[in-house]
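This report concerns only the one structure given below.
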Amino acid sequence: MMYAIKIVECPDGSQNESCGKFLMDCDFEAREGRGEIGVCENIFDAMHFDSLLHAVSYWRTQSTTVPRRPTDGKPNRPLTAYSVKFEKV
């Protein structure tokens with residue numbers, strides 16, 4: 001079973017153009033470790049993962065540029081700022 005990541009809510013709780021779309025790519029090192037995502041509307045154009053575990057692991061990827069958040073020292077995982085849903089493809 002393949003899975004895709006769908007953006008549900010943005011980091012500040014807002015609903016912007018990324019919300020409701022699927023993750024197409026992510027650069028965890030962009031914007032000084034804050035990350036940058038690319039999204040698409042079609043689930044078949046999105047990134048696909050072989051299992052739910054792989055999808056969750058990717059969502060939790062830590063930046064290597066800035067591995068810890070300067071504000072609290074916790075792991076810097078840019079994608080976890082988004083509320084997401086893991087959908088079967």
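So, in the stretch 39-85, exactly how many residues are in a strand (DSSP E or B) and either loosely packed, with under 14 Cβ neighbours inside 10 Å or among the polar types (S, T, N, Q) (or both)? Before you say what the answer is, go through the steps one by one.
Applying the first criterion (in a strand (DSSP E or B)) to the stretch 39-85 yields 39-40, 49, 68, 75, 83-85.
Pick out the ones that are also either loosely packed, with under 14 Cβ neighbours inside 10 Å or among the polar types (S, T, N, Q) (or both) and you get 68, 75, 83, 85.
Of the residues in the stretch 39-85, 4 are in a strand (DSSP E or B) and either loosely packed, with under 14 Cβ neighbours inside 10 Å or among the polar types (S, T, N, Q) (or both).
Is the stretch 24-47 home to any residue that is in contact (Cβ under 8 Å) with a residue 24 or more places away in the chain, among the charged types (D, E, K, R), in contact with a strand residue (DSSP E or B) (Cβ under 7 Å, 6 or more places away or on another chain) and closer than 10 Å to ALA4 by Cβ?
no
Could you grab me the full set of residues in the stretch 25-75 that are farther than 14 Å from GLU87 by Cβ and among the hydrophobic types (A, V, I, L, M, F, W, C)?
Within the stretch 25-75, CYS26, PHE28, ALA30, ILE37, LEU53, VAL66 qualify.
Out of the residues in the stretch 1-24 meeting the condition of being under 10 Å from the mean Cα position of the chain (by Cα) and buried (at least 17 other Cβ atoms within 10 Å of the Cβ), tell me which one is nearest to HIS54 (Cα to Cα).
ILE5
We did not get these values from a lab; they are worked out from the coordinates using the rules stated. Values in this document were obtained by computation on a predicted structure and should not be read as measured data. Positions of Cβ are generated from backbone atoms using ideal geometry, with glycine treated the same way; all protein chains shown enter the neighbour counts.
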